[in-house]
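The values are calculated or read from the model by the stated rules, or taken from the named source; none is laboratory data. On a predicted model such as this, the values are computed, not experimentally measured, just so you know. Cβ placement follows ideal geometry from the backbone for every residue including glycine, while neighbour counts extend to all protein chains displayed.
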Amino acid sequence: MHDLLIRGAVVYDGLGASFTGDVSVKDGKISGVGKITGSSKSIVDAGGLSLMPGIVDVHTHYDAQVTWDPTLSPSPSLGVTTAVMGNCGFGIAPCPAAQRDTVLRNLSVVEGMDLAALQGGVRWEFESFGEYMANLRRIRPLANVAVLAQHSTIRSAVMGDEASTRADPIALELSKMQVMVRDAMDAGAIGFSSSFSPNHAGWEGKPMPSTIASDLELFSLTKILGEKSKGIFVMATGPRGTTEYMEEIAAETGRPVFMVTVLTMYNDADPAKAMQYYERCAAARARGREVYIHTSCQPLSFDFTLEEPYLLYSHDAFDRVKAAKTEDRAAIYKDPAFRNRFRENLKHPKQGILFYGDWAKIEKDSRSIADLSREAKQDPVDYFFDLPVDQQLIGKLFQNNDAGVAPLLKHAQGVVALSDAGAHLIYFCDAGFGLHFLQHWVRETGTFTLAEGVRKLTSDPARMYRIPGRGKIEVGAFADLVLFDSSRVGISSLKKQKDLPGGGTRMIRDPVGVHGVWVNGVQVHDGRNYLAPAQRPGQVLTEFSS
(Lines give C-alpha, C1' and ligand atoms only; values in the text may rest on other atoms or scores of the structure.)
Protein backbone atom coordinates (compact mmCIF):
# COMPACT_ATOMS: atom_id res chain seq x y z
CA MET A 1 0.00 0.00 0.00
CA HIS A 2 1.23 3.48 -0.86
CA ASP A 3 1.44 6.15 1.82
CA LEU A 4 0.53 8.85 -0.72
CA LEU A 5 -0.72 8.82 -4.30
CA ILE A 6 -0.94 12.00 -6.37
CA ARG A 7 -3.04 11.30 -9.46
CA GLY A 8 -3.30 13.00 -12.82
CA ALA A 9 -0.65 15.68 -12.38
CA VAL A 10 1.47 17.25 -15.08
CA VAL A 11 4.76 16.10 -13.58
CA TYR A 12 7.93 18.14 -14.06
CA ASP A 13 10.68 15.80 -12.91
CA GLY A 14 13.33 18.46 -12.12
CA LEU A 15 15.68 17.00 -14.71
CA GLY A 16 14.15 18.82 -17.68
CA ALA A 17 11.39 16.40 -18.67
CA SER A 18 7.63 16.32 -18.07
CA PHE A 19 4.76 13.87 -18.39
CA THR A 20 1.15 13.54 -17.30
CA GLY A 21 0.59 10.78 -14.79
CA ASP A 22 0.75 9.68 -11.16
CA VAL A 23 3.37 9.76 -8.42
CA SER A 24 3.31 7.43 -5.41
CA VAL A 25 5.19 7.70 -2.13
CA LYS A 26 6.23 5.07 0.40
CA ASP A 27 8.34 5.61 3.53
CA GLY A 28 9.27 9.16 2.55
CA LYS A 29 10.55 8.30 -0.91
CA ILE A 30 9.04 8.20 -4.38
CA SER A 31 7.97 4.61 -5.04
CA GLY A 32 6.41 4.95 -8.48
CA VAL A 33 5.86 7.31 -11.41
CA GLY A 34 3.59 6.98 -14.43
CA LYS A 35 0.35 5.02 -14.20
CA ILE A 36 0.07 3.84 -10.59
CA THR A 37 -2.32 1.15 -9.38
CA GLY A 38 -3.05 -0.19 -5.92
CA SER A 39 -4.46 1.34 -2.76
CA SER A 40 -3.05 4.27 -0.82
CA LYS A 41 -3.48 5.70 2.67
CA SER A 42 -3.87 9.16 1.12
CA ILE A 43 -4.93 10.11 -2.41
CA VAL A 44 -4.68 13.54 -3.97
CA ASP A 45 -6.52 14.19 -7.23
CA ALA A 46 -4.23 16.70 -8.93
CA GLY A 47 -6.84 17.46 -11.59
CA GLY A 48 -4.34 18.72 -14.14
CA LEU A 49 -2.28 20.72 -11.66
CA SER A 50 1.51 20.67 -11.98
CA LEU A 51 3.80 18.70 -9.67
CA MET A 52 7.49 19.46 -9.21
CA PRO A 53 10.27 18.61 -6.76
CA GLY A 54 10.63 20.91 -3.78
CA ILE A 55 12.78 24.01 -4.30
CA VAL A 56 16.37 23.79 -3.04
CA ASP A 57 17.42 27.13 -1.49
CA VAL A 58 21.19 27.17 -1.06
CA HIS A 59 21.50 30.69 0.40
CA THR A 60 19.58 31.16 3.66
CA HIS A 61 20.28 32.56 7.12
CA TYR A 62 17.89 30.52 9.30
CA ASP A 63 20.66 29.51 11.75
CA ALA A 64 19.17 31.53 14.63
CA GLN A 65 15.47 31.46 13.68
CA VAL A 66 15.29 27.67 13.50
CA THR A 67 16.01 27.45 17.25
CA TRP A 68 12.68 29.16 18.04
CA ASP A 69 10.77 28.55 14.80
CA PRO A 70 11.26 25.02 13.44
CA THR A 71 8.83 25.76 10.59
CA LEU A 72 11.51 27.95 8.94
CA SER A 73 8.69 30.33 8.06
CA PRO A 74 8.00 31.42 5.39
CA SER A 75 10.16 29.18 3.16
CA PRO A 76 8.14 25.91 3.21
CA SER A 77 4.94 27.80 2.36
CA LEU A 78 6.79 29.19 -0.66
CA GLY A 79 7.77 25.77 -1.99
CA VAL A 80 11.22 25.41 -0.39
CA THR A 81 11.82 21.92 0.99
CA THR A 82 15.61 22.07 1.47
CA ALA A 83 17.53 25.06 2.89
CA VAL A 84 21.28 25.57 3.28
CA MET A 85 22.16 27.74 6.31
CA GLY A 86 25.39 29.35 7.53
CA ASN A 87 26.07 31.44 4.44
CA CYS A 88 28.64 34.27 4.19
CA GLY A 89 30.55 32.82 7.13
CA PHE A 90 27.85 33.93 9.60
CA GLY A 91 25.89 31.79 12.05
CA ILE A 92 25.69 30.87 15.71
CA ALA A 93 27.85 27.75 16.11
CA PRO A 94 30.40 27.14 17.44
CA CYS A 95 29.80 29.78 20.07
CA PRO A 96 31.19 29.81 23.63
CA ALA A 97 28.77 31.30 26.13
CA ALA A 98 30.96 34.40 26.54
CA GLN A 99 30.61 35.24 22.83
CA ARG A 100 26.85 34.83 22.46
CA ASP A 101 25.91 38.48 22.73
CA THR A 102 28.71 39.58 20.37
CA VAL A 103 27.67 37.03 17.74
CA LEU A 104 24.01 38.10 17.94
CA ARG A 105 24.85 41.81 17.83
CA ASN A 106 26.96 41.24 14.72
CA LEU A 107 24.18 39.23 13.08
CA SER A 108 21.65 41.94 13.84
CA VAL A 109 23.64 44.44 11.77
CA VAL A 110 25.23 42.41 8.97
CA GLU A 111 22.05 40.45 8.21
CA GLY A 112 19.51 43.10 9.18
CA MET A 113 17.98 41.05 11.99
CA ASP A 114 15.91 42.26 14.95
CA LEU A 115 18.36 42.24 17.87
CA ALA A 116 15.63 41.93 20.51
CA ALA A 117 14.20 38.95 18.62
CA LEU A 118 17.62 37.30 18.47
CA GLN A 119 18.38 37.91 22.14
CA GLY A 120 14.96 36.76 23.26
CA GLY A 121 14.48 33.97 20.75
CA VAL A 122 17.69 32.00 20.31
CA ARG A 123 17.69 28.93 22.52
CA TRP A 124 21.29 28.28 23.47
CA GLU A 125 21.32 24.51 23.94
CA PHE A 126 24.74 24.10 22.31
CA GLU A 127 28.24 25.53 22.10
CA SER A 128 30.10 23.40 19.53
CA PHE A 129 29.05 22.89 15.91
CA GLY A 130 28.38 19.22 16.61
CA GLU A 131 26.11 20.15 19.51
CA TYR A 132 24.27 22.59 17.23
CA MET A 133 23.66 19.82 14.68
CA ALA A 134 22.43 17.49 17.43
CA ASN A 135 20.10 20.26 18.59
CA LEU A 136 18.71 20.58 15.06
CA ARG A 137 17.98 16.87 15.06
CA ARG A 138 16.07 17.27 18.34
CA ILE A 139 14.16 20.24 16.92
CA ARG A 140 13.37 18.31 13.71
CA PRO A 141 12.62 21.26 11.39
CA LEU A 142 9.67 21.27 9.02
CA ALA A 143 11.99 21.35 5.99
CA ASN A 144 15.32 19.68 5.30
CA VAL A 145 18.37 21.70 6.35
CA ALA A 146 22.09 21.59 5.70
CA VAL A 147 24.59 23.79 7.53
CA LEU A 148 27.86 25.36 6.42
CA ALA A 149 30.79 25.75 8.80
CA GLN A 150 31.23 29.51 9.16
CA HIS A 151 34.51 31.43 9.10
CA SER A 152 33.40 34.50 11.09
CA THR A 153 31.65 32.39 13.71
CA ILE A 154 34.70 30.17 14.14
CA ARG A 155 37.04 33.18 14.26
CA SER A 156 34.90 34.72 17.03
CA ALA A 157 34.87 31.47 18.99
CA VAL A 158 38.68 31.34 18.93
CA MET A 159 39.76 35.01 19.02
CA GLY A 160 36.91 36.51 21.05
CA ASP A 161 36.29 40.24 20.72
CA GLU A 162 39.58 40.66 18.82
CA ALA A 163 38.19 38.64 15.89
CA SER A 164 36.99 41.86 14.23
CA THR A 165 40.05 43.98 15.02
CA ARG A 166 43.14 41.74 14.78
CA ALA A 167 43.96 40.52 11.29
CA ASP A 168 46.48 37.83 12.16
CA PRO A 169 45.77 35.02 14.60
CA ILE A 170 48.70 33.51 16.45
CA ALA A 171 49.70 30.00 15.41
CA LEU A 172 47.75 28.37 18.22
CA GLU A 173 44.59 30.28 17.29
CA LEU A 174 44.87 29.30 13.63
CA SER A 175 45.36 25.69 14.68
CA LYS A 176 42.20 25.88 16.81
CA MET A 177 40.26 27.26 13.85
CA GLN A 178 41.42 24.37 11.71
CA VAL A 179 40.28 21.92 14.38
CA MET A 180 36.85 23.57 14.45
CA VAL A 181 36.49 23.32 10.67
CA ARG A 182 37.47 19.65 10.80
CA ASP A 183 35.05 19.04 13.67
CA ALA A 184 32.24 20.73 11.70
CA MET A 185 32.93 18.64 8.62
CA ASP A 186 32.99 15.48 10.73
CA ALA A 187 29.67 16.54 12.29
CA GLY A 188 28.06 16.76 8.86
CA ALA A 189 28.63 20.29 7.57
CA ILE A 190 27.88 20.63 3.86
CA GLY A 191 30.98 22.75 3.48
CA PHE A 192 32.63 25.99 4.58
CA SER A 193 31.64 29.63 4.04
CA SER A 194 33.41 32.96 4.37
CA SER A 195 33.26 36.62 3.34
CA PHE A 196 35.62 39.30 2.08
CA SER A 197 32.73 41.62 1.22
CA PRO A 198 33.27 45.34 1.98
CA ASN A 199 29.52 45.52 2.66
CA HIS A 200 29.73 43.13 5.60
CA ALA A 201 30.08 45.19 8.77
CA GLY A 202 28.90 44.14 12.22
CA TRP A 203 28.06 45.81 15.51
CA GLU A 204 29.26 49.44 15.88
CA GLY A 205 30.54 49.35 12.32
CA LYS A 206 33.33 46.89 13.02
CA PRO A 207 34.19 44.58 10.11
CA MET A 208 32.84 41.07 10.27
CA PRO A 209 35.72 38.84 11.41
CA SER A 210 36.44 36.95 8.20
CA THR A 211 36.67 40.14 6.13
CA ILE A 212 40.00 41.06 7.74
CA ALA A 213 41.49 37.56 7.56
CA SER A 214 44.62 36.96 5.49
CA ASP A 215 44.83 34.76 2.42
CA LEU A 216 47.04 32.41 4.43
CA GLU A 217 44.32 31.99 7.03
CA LEU A 218 41.56 31.38 4.50
CA PHE A 219 43.57 28.87 2.49
CA SER A 220 44.60 27.02 5.65
CA LEU A 221 40.90 26.54 6.44
CA THR A 222 39.61 25.73 2.94
CA LYS A 223 42.33 23.11 2.45
CA ILE A 224 40.49 20.96 5.01
CA LEU A 225 37.80 20.38 2.37
CA GLY A 226 40.52 18.84 0.23
CA GLU A 227 41.77 16.75 3.13
CA LYS A 228 38.26 15.42 3.70
CA SER A 229 37.54 15.07 -0.05
CA LYS A 230 34.08 16.45 0.52
CA GLY A 231 32.15 19.67 0.95
CA ILE A 232 31.69 22.88 -1.02
CA PHE A 233 33.11 26.35 -0.41
CA VAL A 234 30.92 29.44 -0.75
CA MET A 235 32.14 32.99 -0.28
CA ALA A 236 30.87 36.54 -0.37
CA THR A 237 33.92 37.48 -2.38
CA GLY A 238 33.81 41.22 -2.89
CA PRO A 239 36.52 42.55 -5.24
CA ARG A 240 39.27 40.73 -3.31
CA GLY A 241 38.00 37.25 -4.10
CA THR A 242 38.34 37.27 -7.88
CA THR A 243 37.34 34.36 -10.09
CA GLU A 244 41.04 33.50 -10.36
CA TYR A 245 41.33 33.54 -6.56
CA MET A 246 38.36 31.20 -6.25
CA GLU A 247 39.70 28.97 -9.00
CA GLU A 248 42.92 28.60 -7.04
CA ILE A 249 40.93 27.35 -4.04
CA ALA A 250 39.02 24.95 -6.30
CA ALA A 251 42.30 23.68 -7.74
CA GLU A 252 43.92 23.16 -4.33
CA THR A 253 40.91 21.48 -2.72
CA GLY A 254 39.35 19.69 -5.67
CA ARG A 255 35.98 20.93 -4.43
CA PRO A 256 33.27 23.12 -6.02
CA VAL A 257 33.41 26.80 -5.05
CA PHE A 258 30.66 29.43 -5.23
CA MET A 259 30.98 33.21 -5.54
CA VAL A 260 28.49 35.66 -4.01
CA THR A 261 29.04 39.31 -4.98
CA VAL A 262 27.19 42.28 -6.45
CA LEU A 263 29.98 42.42 -9.04
CA THR A 264 28.30 39.45 -10.75
CA MET A 265 24.90 41.18 -10.81
CA TYR A 266 23.64 43.16 -13.78
CA ASN A 267 24.21 46.88 -13.37
CA ASP A 268 23.11 49.43 -15.98
CA ALA A 269 26.15 51.54 -15.12
CA ASP A 270 28.48 48.75 -16.34
CA PRO A 271 26.33 46.31 -18.33
CA ALA A 272 29.15 44.02 -19.50
CA LYS A 273 30.89 43.43 -16.16
CA ALA A 274 28.67 40.68 -14.73
CA MET A 275 28.85 38.46 -17.80
CA GLN A 276 32.63 38.75 -17.76
CA TYR A 277 32.62 37.03 -14.36
CA TYR A 278 30.44 34.21 -15.68
CA GLU A 279 32.67 33.68 -18.68
CA ARG A 280 35.76 33.56 -16.49
CA CYS A 281 34.03 30.91 -14.38
CA ALA A 282 33.23 28.98 -17.56
CA ALA A 283 36.91 29.12 -18.51
CA ALA A 284 37.82 27.74 -15.08
CA ARG A 285 35.27 24.96 -15.56
CA ALA A 286 36.89 24.09 -18.88
CA ARG A 287 40.15 23.65 -16.95
CA GLY A 288 38.42 21.19 -14.63
CA ARG A 289 37.77 23.60 -11.72
CA GLU A 290 34.17 24.07 -10.61
CA VAL A 291 33.61 27.78 -9.99
CA TYR A 292 29.97 28.88 -9.81
CA ILE A 293 28.08 32.09 -9.07
CA HIS A 294 25.01 32.62 -6.88
CA THR A 295 22.55 34.31 -9.26
CA SER A 296 19.58 36.33 -8.04
CA CYS A 297 16.39 36.05 -10.07
CA GLN A 298 14.82 39.04 -8.30
CA PRO A 299 15.71 42.74 -8.48
CA LEU A 300 18.12 43.54 -5.67
CA SER A 301 16.21 46.29 -3.91
CA PHE A 302 16.71 47.69 -0.42
CA ASP A 303 14.06 49.33 1.72
CA PHE A 304 15.85 51.56 4.23
CA THR A 305 15.88 54.83 6.14
CA LEU A 306 18.70 57.14 7.13
CA GLU A 307 18.28 55.83 10.66
CA GLU A 308 19.77 52.53 9.40
CA PRO A 309 21.29 53.14 5.93
CA TYR A 310 23.07 49.79 5.74
CA LEU A 311 23.42 49.79 1.95
CA LEU A 312 25.76 52.82 2.27
CA TYR A 313 27.98 51.43 5.00
CA SER A 314 30.81 50.39 2.67
CA HIS A 315 31.58 54.09 2.01
CA ASP A 316 34.29 55.51 4.29
CA ALA A 317 32.16 58.55 5.13
CA PHE A 318 29.75 56.27 6.95
CA ASP A 319 32.33 55.06 9.46
CA ARG A 320 31.11 57.91 11.70
CA VAL A 321 27.50 56.87 11.18
CA LYS A 322 28.08 53.20 11.94
CA ALA A 323 29.82 54.04 15.20
CA ALA A 324 27.13 56.52 16.30
CA LYS A 325 23.91 55.89 18.18
CA THR A 326 20.78 56.06 16.06
CA GLU A 327 19.61 59.27 17.72
CA ASP A 328 22.92 61.00 16.89
CA ARG A 329 22.91 60.25 13.17
CA ALA A 330 20.75 63.19 12.02
CA ALA A 331 23.39 65.61 13.32
CA ILE A 332 26.14 63.83 11.37
CA TYR A 333 24.13 64.10 8.15
CA LYS A 334 23.89 67.88 8.58
CA ASP A 335 27.67 68.23 8.84
CA PRO A 336 29.11 69.67 5.57
CA ALA A 337 32.35 67.75 6.18
CA PHE A 338 30.42 64.47 6.21
CA ARG A 339 28.61 65.35 2.98
CA ASN A 340 31.81 66.37 1.23
CA ARG A 341 33.49 63.17 2.35
CA PHE A 342 30.59 61.17 0.90
CA ARG A 343 30.84 63.10 -2.37
CA GLU A 344 34.51 62.14 -2.57
CA ASN A 345 33.55 58.49 -1.96
CA LEU A 346 31.14 58.65 -4.89
CA LYS A 347 33.78 60.20 -7.15
CA HIS A 348 36.17 57.34 -6.38
CA PRO A 349 33.94 54.33 -5.52
CA LYS A 350 35.46 51.08 -4.33
CA GLN A 351 34.65 47.93 -6.25
CA GLY A 352 32.00 45.63 -4.82
CA ILE A 353 30.01 48.30 -2.95
CA LEU A 354 26.25 48.58 -3.27
CA PHE A 355 25.68 52.23 -4.22
CA TYR A 356 27.81 53.92 -6.86
CA GLY A 357 26.11 57.31 -6.89
CA ASP A 358 23.30 56.82 -9.42
CA TRP A 359 20.52 58.79 -7.74
CA ALA A 360 18.02 57.52 -10.29
CA LYS A 361 18.24 54.20 -8.41
CA ILE A 362 17.19 55.63 -5.02
CA GLU A 363 13.47 56.37 -4.67
CA LYS A 364 11.27 58.28 -2.25
CA ASP A 365 7.53 57.72 -2.63
CA SER A 366 8.10 55.98 -5.99
CA ARG A 367 10.08 58.93 -7.40
CA SER A 368 13.85 59.03 -7.82
CA ILE A 369 16.12 61.26 -5.78
CA ALA A 370 17.60 62.38 -9.12
CA ASP A 371 14.24 63.78 -10.26
CA LEU A 372 13.22 65.17 -6.88
CA SER A 373 16.53 66.97 -6.32
CA ARG A 374 16.41 68.38 -9.85
CA GLU A 375 12.93 69.79 -9.24
CA ALA A 376 14.11 71.24 -5.92
CA LYS A 377 17.14 72.74 -7.69
CA GLN A 378 19.33 71.11 -5.11
CA ASP A 379 22.42 68.90 -5.21
CA PRO A 380 21.21 65.27 -4.82
CA VAL A 381 23.56 64.64 -1.88
CA ASP A 382 22.18 67.66 -0.04
CA TYR A 383 18.58 66.76 -0.95
CA PHE A 384 19.11 63.21 0.27
CA PHE A 385 20.61 64.10 3.63
CA ASP A 386 18.07 66.86 4.25
CA LEU A 387 15.33 64.20 4.32
CA PRO A 388 13.88 63.15 7.69
CA VAL A 389 15.89 60.26 9.06
CA ASP A 390 12.75 58.11 9.28
CA GLN A 391 11.76 58.71 5.64
CA GLN A 392 11.17 55.36 3.92
CA LEU A 393 13.43 54.94 0.89
CA ILE A 394 14.11 52.18 -1.60
CA GLY A 395 17.30 51.49 -3.49
CA LYS A 396 16.80 49.64 -6.78
CA LEU A 397 20.43 48.86 -7.42
CA PHE A 398 21.07 45.61 -9.30
CA GLN A 399 19.30 42.96 -11.41
CA ASN A 400 16.64 45.50 -12.43
CA ASN A 401 16.88 45.02 -16.21
CA ASP A 402 15.33 41.80 -17.53
CA ALA A 403 17.27 41.92 -20.79
CA GLY A 404 20.52 42.11 -18.88
CA VAL A 405 19.61 39.57 -16.20
CA ALA A 406 18.23 36.81 -18.45
CA PRO A 407 21.62 35.74 -19.90
CA LEU A 408 23.03 35.48 -16.38
CA LEU A 409 20.16 33.24 -15.27
CA LYS A 410 20.67 31.04 -18.32
CA HIS A 411 24.42 30.66 -17.83
CA ALA A 412 25.64 27.19 -16.87
CA GLN A 413 27.95 28.57 -14.16
CA GLY A 414 25.09 30.20 -12.26
CA VAL A 415 22.94 28.69 -9.53
CA VAL A 416 19.65 30.45 -8.78
CA ALA A 417 19.99 31.54 -5.16
CA LEU A 418 20.39 34.57 -2.90
CA SER A 419 17.01 34.48 -1.17
CA ASP A 420 18.75 35.50 2.09
CA ALA A 421 15.73 33.86 3.77
CA GLY A 422 15.77 34.48 7.51
CA ALA A 423 17.66 37.79 7.14
CA HIS A 424 16.82 41.44 6.43
CA LEU A 425 13.28 40.77 7.64
CA ILE A 426 12.61 44.41 8.48
CA TYR A 427 13.12 45.46 4.86
CA PHE A 428 12.17 42.67 2.46
CA CYS A 429 11.30 39.01 2.02
CA ASP A 430 12.92 37.22 -0.92
CA ALA A 431 12.23 33.71 0.42
CA GLY A 432 9.74 33.26 -2.43
CA PHE A 433 12.45 33.53 -5.08
CA GLY A 434 11.47 30.17 -6.59
CA LEU A 435 7.80 31.00 -7.05
CA HIS A 436 8.82 34.43 -8.40
CA PHE A 437 11.06 32.65 -10.91
CA LEU A 438 8.15 30.49 -12.10
CA GLN A 439 5.88 33.52 -12.28
CA HIS A 440 8.19 36.03 -13.93
CA TRP A 441 10.89 34.17 -15.82
CA VAL A 442 8.68 31.27 -16.95
CA ARG A 443 5.10 32.48 -17.31
CA GLU A 444 5.39 36.24 -17.83
CA THR A 445 8.54 36.56 -19.95
CA GLY A 446 8.91 33.07 -21.41
CA THR A 447 12.65 33.20 -20.77
CA PHE A 448 12.50 29.56 -19.64
CA THR A 449 10.08 26.75 -20.34
CA LEU A 450 8.42 25.41 -17.21
CA ALA A 451 10.51 22.23 -17.41
CA GLU A 452 13.71 24.30 -17.64
CA GLY A 453 12.63 26.62 -14.84
CA VAL A 454 11.87 23.74 -12.50
CA ARG A 455 15.28 22.21 -13.22
CA LYS A 456 17.03 25.51 -12.39
CA LEU A 457 15.32 25.56 -8.97
CA THR A 458 15.65 21.90 -8.02
CA SER A 459 18.10 19.39 -9.47
CA ASP A 460 20.65 22.01 -10.57
CA PRO A 461 21.37 23.38 -7.06
CA ALA A 462 21.13 19.89 -5.55
CA ARG A 463 23.69 18.59 -8.06
CA MET A 464 26.09 21.52 -7.69
CA TYR A 465 25.93 21.33 -3.88
CA ARG A 466 26.26 17.54 -3.91
CA ILE A 467 22.91 16.96 -2.14
CA PRO A 468 21.86 13.43 -3.09
CA GLY A 469 18.29 12.30 -3.70
CA ARG A 470 16.80 15.81 -3.75
CA GLY A 471 15.48 18.02 -6.51
CA LYS A 472 14.06 15.31 -8.77
CA ILE A 473 11.00 13.12 -9.18
CA GLU A 474 12.16 9.59 -9.86
CA VAL A 475 11.81 6.27 -8.09
CA GLY A 476 14.03 6.22 -5.01
CA ALA A 477 14.34 10.00 -4.65
CA PHE A 478 13.07 11.70 -1.51
CA ALA A 479 9.45 12.77 -1.79
CA ASP A 480 9.92 16.55 -1.54
CA LEU A 481 7.08 17.84 -3.71
CA VAL A 482 5.16 20.99 -4.66
CA LEU A 483 1.71 20.88 -6.29
CA PHE A 484 0.78 24.10 -8.06
CA ASP A 485 -1.29 25.81 -10.72
CA SER A 486 1.16 26.87 -13.43
CA SER A 487 -1.25 29.53 -14.70
CA ARG A 488 -1.28 31.31 -11.33
CA VAL A 489 1.87 30.39 -9.43
CA GLY A 490 3.74 33.28 -7.85
CA ILE A 491 4.05 35.33 -4.68
CA SER A 492 1.90 37.91 -2.94
CA SER A 493 2.90 41.50 -2.30
CA LEU A 494 4.84 42.24 0.88
CA LYS A 495 2.95 42.47 4.14
CA LYS A 496 3.97 43.16 7.73
CA GLN A 497 3.57 40.46 10.32
CA LYS A 498 4.23 41.01 14.03
CA ASP A 499 5.31 37.59 15.21
CA LEU A 500 9.01 37.75 16.08
CA PRO A 501 10.16 37.04 19.64
CA GLY A 502 9.73 40.19 21.73
CA GLY A 503 6.95 41.45 19.46
CA GLY A 504 9.17 42.32 16.51
CA THR A 505 7.75 42.90 13.02
CA ARG A 506 8.93 41.30 9.80
CA MET A 507 8.07 41.54 6.11
CA ILE A 508 6.61 38.38 4.65
CA ARG A 509 5.02 37.01 1.47
CA ASP A 510 2.38 34.36 0.87
CA PRO A 511 2.32 31.79 -1.94
CA VAL A 512 -0.02 32.20 -4.89
CA GLY A 513 -1.27 29.21 -6.86
CA VAL A 514 0.30 26.60 -4.57
CA HIS A 515 -1.94 23.66 -3.60
CA GLY A 516 0.39 21.62 -1.43
CA VAL A 517 3.97 21.15 -0.22
CA TRP A 518 5.36 17.80 0.97
CA VAL A 519 8.66 17.13 2.73
CA ASN A 520 9.83 13.51 2.72
CA GLY A 521 6.29 12.47 1.81
CA VAL A 522 4.54 14.41 4.60
CA GLN A 523 2.37 17.38 3.70
CA VAL A 524 3.52 20.52 5.56
CA HIS A 525 1.48 23.23 3.82
CA ASP A 526 -1.79 23.22 1.87
CA GLY A 527 -1.22 26.47 -0.03
CA ARG A 528 -2.96 28.55 2.62
CA ASN A 529 -1.86 27.28 6.02
CA TYR A 530 0.89 25.30 7.68
CA LEU A 531 -0.19 21.83 8.71
CA ALA A 532 0.77 20.12 11.96
CA PRO A 533 2.00 16.60 11.18
CA ALA A 534 2.49 14.21 14.09
CA GLN A 535 6.22 14.65 13.64
CA ARG A 536 7.94 17.37 11.64
CA PRO A 537 9.41 15.56 8.61
CA GLY A 538 12.49 17.64 7.82
CA GLN A 539 15.87 15.94 7.93
CA VAL A 540 19.19 17.39 9.05
CA LEU A 541 21.34 16.56 6.03
CA THR A 542 24.85 15.35 6.82
CA GLU A 543 25.70 12.95 3.97
CA PHE A 544 26.69 14.47 0.64
CA SER A 545 27.97 13.19 -2.69
CA SER A 546 31.64 13.39 -3.52
Any idea how many residues of segment 275-304 are touching a residue at least 60 places away in the same chain (Cβ under 8 Å) and touching a Leu at 6+ places or on another chain (Cβ under 9 Å)? 14
Is it true that Ala251 is surrounded by fewer than 22 Cβ atoms within 10 Å (Cβ to Cβ), small (Gly, Ala, Ser) and in contact with a Phe, Trp or Tyr (Cβ under 7 Å, 6 or more places away or on another chain)? no
Subset of segment 487-545 [of a type outside the set (Asp, Glu), within 22 Å of the chain's Cα centre (by Cα), part of a loop (DSSP other than H, G, I, E, B) and over 21 Å from Met85 (Cα atoms)]: Val489, Ser492, Ser493, Leu494, Gly504
Which residue is surrounded by the most Cβ atoms within 10 Å (Cβ to Cβ), if the candidates are limited to segment 101-118 and must be in contact (Cβ under 8 Å) with a residue 40 or more places away in the chain and over 20 Å from the mean Cα position of the chain (by Cα)? Thr102
Which numbered condition Phe385 misses (of (1) under 16 Å from the mean Cα position of the chain (by Cα); (2) modelled with pLDDT of 95 or more; (3) aromatic (Phe, Trp, Tyr)): (1)
Search result, residues across segment 497-523 that are basic (Lys, Arg) and crowded, with 19+ Cβ neighbours inside 10 Å: Arg506, Arg509
Meets criteria (over 24 Å from the mean Cα position of the chain (by Cα), surrounded by 13 or more Cβ atoms within 10 Å (Cβ to Cβ) and not aliphatic (A, V, I, L, M)) for Asn345: yes
Would you kindly identify the helices (runs of 4 or more DSSP H) lying entirely within segment 105-165 that contain at least 2 residues that are in contact with a strand residue (DSSP E or B) (Cβ under 6 Å, 6 or more places away or on another chain)? 129-139
Look at Gly476 and say whether it is under 19 Å from Asn144 (Cβ atoms), over 19 Å from the mean Cα position of the chain (by Cα), not assigned by TED's automatic domain parsing to the domain that holds Met275 and not charged (D, E, K, R). yes
Quick one: how many residues across segment 453-471 are in a helix (DSSP H, G or I) and within 17 Å of the chain's Cα centre (by Cα)? 6
For segment 297-339, which residues satisfy the criterion of being acidic (Asp, Glu) and over 30 Å from Gly453 (Cβ atoms)? Glu307, Glu308, Asp316, Asp319, Glu327, Asp328, Asp335
Tell me, yes or no, whether segment 64-86 has at least one residue that is closer than 27 Å to Asp430 by Cα, more than 19 Å from the chain's Cα centre (by Cα) and modelled with pLDDT of 95 or more. yes
Looking at segment 424-432, is at least one residue modelled with pLDDT of 95 or more and either farther than 30 Å from Phe304 by Cβ or out of contact with any Phe, Trp or Tyr (no Cβ under 7 Å at 6 or more places or on another chain) (or both)? yes
Which condition number in (1) surrounded by fewer than 24 Cβ atoms within 10 Å (Cβ to Cβ); (2) under 23 Å from Val540 (Cβ atoms) is the one that Arg488 fails? (2)
